[in-house]
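Input: a single structure, listed below in structure tokens.
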Amino acid sequence: MQGLLQRAHNAGPHVGALCGCIEQRRNQYGAREILGVLSLVKRLGIALIDDCCRIALEASTPYFRTVRRLAVRSGPGPSVKQVDDLIRDLSHYRSVIDCRTNQDHEPDRTRSLPPPTPSVGHG
């Protein structure tokens, strides 16, 4: 159990404090909760889980479930690439907008006119 608590303290100050509360509350039966918190650290990152542990401690709910729920709610969203082959350079979009909003030319109004109807002859 001391090894788990040492790993928790190494992960972050709030992670260590929360795991210490778990150990005080549950004694040796808190090992699974502590392992759960450490697995969240490994999976989601130290910064996020340490912050979630801080919130759980401030709310006086030092439980694995609380940390997990906070991590799921405030976890990282889908990552968005800033550079990709499908993303065009901003100058391209600027030129398209300039072309569309340029008022130097007369708009083509023939597209909005109805097609000419053939004359009907009587005969």
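The values are calculated or read from the model by the stated rules, or taken from the named source; none is laboratory data. Only a predicted model underlies this, so the values are computations on that prediction, with no experimental measurement involved. Cβ coordinates were reconstructed from backbone atoms using ideal geometry, including for glycine residues, and neighbour counts include every protein chain displayed.
General observations
- Scanning the stretch 1-18 for residues that are under 24 Å from SER74 (Cβ atoms) and in contact (Cβ under 8 Å) with a residue 24 or more places away in the chain turns up ARG7, ALA8, ALA11, GLY12, PRO13, HIS14, VAL15, ALA17, LEU18.
- Matching residues in the stretch 1-16 - criterion: being more than 15 Å from LEU70 (Cβ to Cβ) and part of a helix (DSSP H, G or I): GLN2, GLY3, LEU4, LEU5, GLN6, ARG7, ALA8, HIS9, ASN10, ALA11, PRO13, GLY16
- Subset of the stretch 23-41 (residues that are at pLDDT below 85 and surrounded by fewer than 19 Cβ atoms within 10 Å (Cβ to Cβ)): ARG26, ASN27, GLN28, TYR29
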